[in-house]
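Enquirer: Sharing a structure with you now.
The values are calculated or read from the model by the stated rules, or taken from the named source; none is laboratory data. A quick note: this is a predicted structure, and the numbers were derived from the prediction, not measured. Because the Cβ atoms are built from the backbone with ideal geometry, glycine has one as well, and the counts that use them run over all protein chains shown. Please note that ligands, DNA and RNA were not included when accessible areas were found on the heavy atoms of the full protein model with its side chains. Shrake-Rupley method; radii C 1.70, N 1.55, O 1.52, S 1.80 Å.
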Amino acid sequence: MAEFTMELNDEQKEVRDWLHGFAADVIRPAAAEWDEREETPWPVIQEAAKVGIYSLDFYAQQYFDPTGLGIPMAMEELFWGDAGIALSIVGTGLAAVGVLANGTEEQIGTWIPQMYGDANDVKVAAFCSSEPDAGSDVASMRTRAVYDEAKDEWVINGTKTWATNGGIANVHVVVAVVDPELGSKGHASFIVPAGTPGLAQGQKFKKHGIRASHTAEVVLDNVRVPGSCLLGGKEKLDERLARARERAKQGGERVKNAAMATFEASRPAVGAMAVGTARAAYEVALDYAKTREQFGRPIIDNQGVAFQLADMRTSIDAARLLVWRASWMAVNGKPFTAAEGSMSKLFASETAKQVTGQAIQILGGNGYTREYPVERMHRDAAIYTIFEGTSEIQRLVIARTLAGTPIR
Ligand SMILES: Cc1cc2nc3c(=O)[nH]c(=O)nc-3n(C[C@H](O)[C@H](O)[C@H](O)COP(=O)(O)OP(=O)(O)OC[C@H]3O[C@@H](n4cnc5c(N)ncnc54)[C@H](O)[C@@H]3O)c2cc1C
């Protein structure tokens, strides 16, 4: 087990500096344009693929870094560049984690490369769990997968919503109900490749922030996928369902389901994205406060401004500490006895919203315009308290963990 450390090793520093260079030279200059266009920035994803940032190898290297700092460090730097573009680059990772967490070795080897494509023909993937009537309340999901034993196929029907890359993905990972009696314990995840008859993109959402990231409904109308597309395989699913039924009979002991495992693994990473956005806005505000003069002196010479910057920096550092601790715990198999993963996401996302708002205040009228990036960063930051579980849901998970009551 790797000891927890705040000190990046030489290799990590090199990767961090390389990512920072890409974020500063390629992502940040493109941010305003793609925010206005509200389209997937394919040329930037392709650039990221060319240098090796958008690839399974890079993602896996960071994911399996035994210190746990690889993913949060990478997320912070990319999202420091721009949240919308960075989400377009890393959004595929959420679906990839779904396959890594629940798939067989064969499924991982088959589908993850198809999620990324290659530098000449980049592809993206989507993780589809949320539904119009099942957001925070994942257990009320209605999308149904029924097994057709004669053909060894699964038939999926339902509507997914808010899917990042939904409808434009080469591979969709779809969570569906296989046993409605078992609530969230009766869910399973399926691979649905692009072009499968019955799979269609619904409404594409026009959003407040992260507008370079594509978010859409995904409609599944009698979609048929082979048995091999059930993540983990039928045998494992049948065993899991049998255990859940047994537990339900005995009074309902808690069981982790596929969607929850995916969310749990990704929460500190979302916290790291929030740290990146918060740091970006703080840096703009700090520079501005040092150079903008009013009443014959830089505005940072006013305690009212300087104390805001002090609070902003303190919160960002505290958020990073929580995120790094949770990522280290996740990679090293430490039990989250106080829901430390949720804690890190809660604190970092609230920090990003707060800090980006303070940055607008420090830039005054300029902060309120699209001439300066903090306005965009503030819009972007609002997503962190919503996706991957809202702040209220993080508090609920933390509170129930502390109280020792079941988390559903
Ligand atoms: C840009 C974007 C990208 C997304 N990407 C994906 C994706 O790739 N894949 C995917 O599956 N989903 C995705 N989501 C969905 C996201 O995870 C959900 O929006 C989120 O889980 C909240 O669900 P909801 O929007 O239905 O809100 P609701 O669950 O309806 O919540 C509404 C409000 O009620 C509060 N609330 C609900 N229940 C409780 C409670 N028990 N106690 C206290 N407060 C409560 C919530 O905190 C929130 O403030 C994305 C969403 C957005 C906006």
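Enquirer: Listed here are the pairs LYS185/LYS234; LYS249/LYS334; LYS160/LYS207; LYS185/LYS236; which of them are more than 20 Å apart at the Cα? Don't skip to the answer; put the middle values down first.
Expert: Values: LYS185/LYS234 15 Å; LYS249/LYS334 30 Å; LYS160/LYS207 17 Å; LYS185/LYS236 13 Å.
Exceeds cut-off: LYS249/LYS334.
Enquirer: Excluding MET73 itself, calculate the net charge of residues whose Cβ lies under 15 Å from the Cβ of MET73, where each Lys or Arg counts +1 and each Asp or Glu counts -1. It would help to have the intermediate numbers written out before the result.
Expert: Values: positive: LYS13, ARG16, ARG279, ARG320, ARG325; negative: GLU7, ASP10, GLU11, GLU14, ASP17, ASP65, GLU76, GLU77, ASP317.
Surrounding charge for MET73 is -4.
Enquirer: Rounded to whole Å, give me the distance from the Cα center of the range 101-124 to that of the range 136-181.
Expert: 19 Å
Enquirer: Can you give the longest run of the chain that contains no chymotrypsin sites (Phe, Trp or Tyr not before Pro) sitting in a DSSP loop with at most 13 other Cβ atoms inside 10 Å?
Expert: 65-294
Enquirer: A further question follows. Do the sum for the chain: with -39,500 (n - 2.57) for every DSSP H run of n ≥ 4, divided by all residues, what is the mean residue ellipticity at 222 nm, to the nearest 500 deg cm²/dmol?
Expert: On the way: 13 runs with 213 residues, N = 408.
Theoretical 222 nm ellipticity from helices: -17500 deg cm²/dmol.
Enquirer: Evaluate the charge dipole of the range 312-351 about its Cα centre and quote only its size in Debye, nearest 20, assuming +1 on the Cβ of each Lys and Arg and -1 on the Cβ of each Asp and Glu.
Expert: 80 debye
Enquirer: Direction-averaged shadow area of the convex hull around the Cα atoms of the range 104-192, nm²?
Expert: The Cα convex hull of the range 104-192, projected and averaged over all directions, gives 6.8 nm².
Enquirer: Let me check I've understood the local charge: for PHE190, count other residues with C-beta under 12 angstrom from its C-beta, Lys and Arg +1, Asp and Glu -1. What total comes out? Show your work: numbers first, answer last.
Expert: Values: positive: ARG144, LYS160, ARG224, LYS234; negative: GLU153.
Its environment carries a net charge of +3.
Enquirer: Count charges around VAL174 for me, please; just the other residues with Cβ under 13 Å from its Cβ, Lys/Arg as +1, Asp/Glu as -1.
Expert: For residues surrounding VAL174, the net value is +1.
Enquirer: Specify the residue with the greatest mean-square fluctuation among GLY341, GLY186, GLY84, computed from a Gaussian network of the chain linking alpha-carbon atoms under 10 Å apart.
Expert: Among GLY341, GLY186, GLY84, the largest GNM mean-square fluctuation belongs to GLY186.
Enquirer: Let me ask another. First compute the accessible area of the range 309-353 with a 1.4 Å probe, then give the percent of it belonging to carbon and sulfur atoms.
Expert: 59 percent
Enquirer: So, with +1 on the Cβ of K and R and -1 on the Cβ of D and E, and no other charges, what is the size of the charge dipole of the chain about its Cα centre, to the nearest 20 debye? Show your work: numbers first, answer last.
Expert: On the way: 42 positive and 52 negative charges, 233 e Å.
Its charge dipole is roughly 1120 debye.
Enquirer: Under the classification rounded if a/c is under 1.5, otherwise prolate if a/b is larger than b/c and oblate if not, where does the range 132-262 fall, given a ≥ b ≥ c as square roots of the Cα gyration tensor eigenvalues?
Expert: The shape class here is oblate.
Enquirer: Per residue, how much accessible area does the chain show when a 1.4 Å probe rolls over the protein heavy atoms, in square angstrom? Don't skip to the end; give the middle numbers.
Expert: On the way: 17940 Å² over 408 residues.
Spelled out: the 1.4 Å probe surface of the chain, per residue, equals 44 Å².
Enquirer: How about the range 132-164: which trypsin sites (Lys or Arg not before Pro) there are in a DSSP loop, with at most 16 other Cβ atoms within 10 Å of their Cβ? Please report the intermediate quantities before stating the final value.
Expert: Details: sites: ARG142, ARG144, LYS151, LYS160; in loops: ARG142.
In loop regions of the range 132-164 (DSSP not H, G, I, E or B), the sparsely surrounded trypsin sites (Lys or Arg not before Pro) are ARG142.
Enquirer: Once you charge only the Cβ atoms, +1 for Lys and Arg and -1 for Asp and Glu, what is the size of the charge dipole of the range 161-247 about its Cα centre, to the nearest 20 debye?
Expert: Numbers: 12 positive and 8 negative charges, 72 e Å.
Here the size comes out at about 340 debye.
Enquirer: With a Förster radius of 22 Å, plug the Cβ-Cβ distance of GLU38 and ASN157 into 1/(1 + (r/R0)^6) and report the FRET value to the nearest 0.05.
Expert: Working: r = 30 Å, r/R0 = 1.37.
Efficiency, from the Cβ-Cβ distance: 0.15.
Enquirer: When the Cα centres of the range 24-42 and the range 289-351 are compared, how far apart do they sit, in Å?
Expert: Computed from Cα coordinates, the inter-centre distance equals 25 Å.
Enquirer: Ignoring ligands, DNA and RNA, please state the percent of accessible area on the range 81-197 from carbon and sulfur, probe 1.4 Å.
Expert: 47 percent
Enquirer: How about the range 302-408: which GluC sites (Glu not before Pro) there are in a DSSP loop, with at most 15 other Cβ atoms within 10 Å of their Cβ?
Expert: Sparse-neighbourhood loop GluC sites (Glu not before Pro): GLU371.
Enquirer: With a length cut of 20 Å (Cα positions projected on each helix's long axis) and a Kyte-Doolittle mean of at least 1.0, go through the chain and give me the DSSP H helices that pass.
Expert: Going by DSSP H runs, the hits are 83-102.
Enquirer: List the lysines whose Cα lies under 22 Å from the Cα of LYS290, skipping any in the same chain that are fewer than 8 positions away.
Expert: none
Enquirer: Hey, can you rank 207-216, 169-178 by average C-beta count inside 10 Å, highest first?
Expert: So the peptides 207-216, 169-178, ranked by packing, come out 169-178, 207-216.
Enquirer: Once Lys and Arg get +1 and Asp and Glu get -1 on their Cβ, which of VAL97, ALA248, ILE85 lies farthest toward the positive end of the dipole of the chain?
Expert: Value: ALA248.
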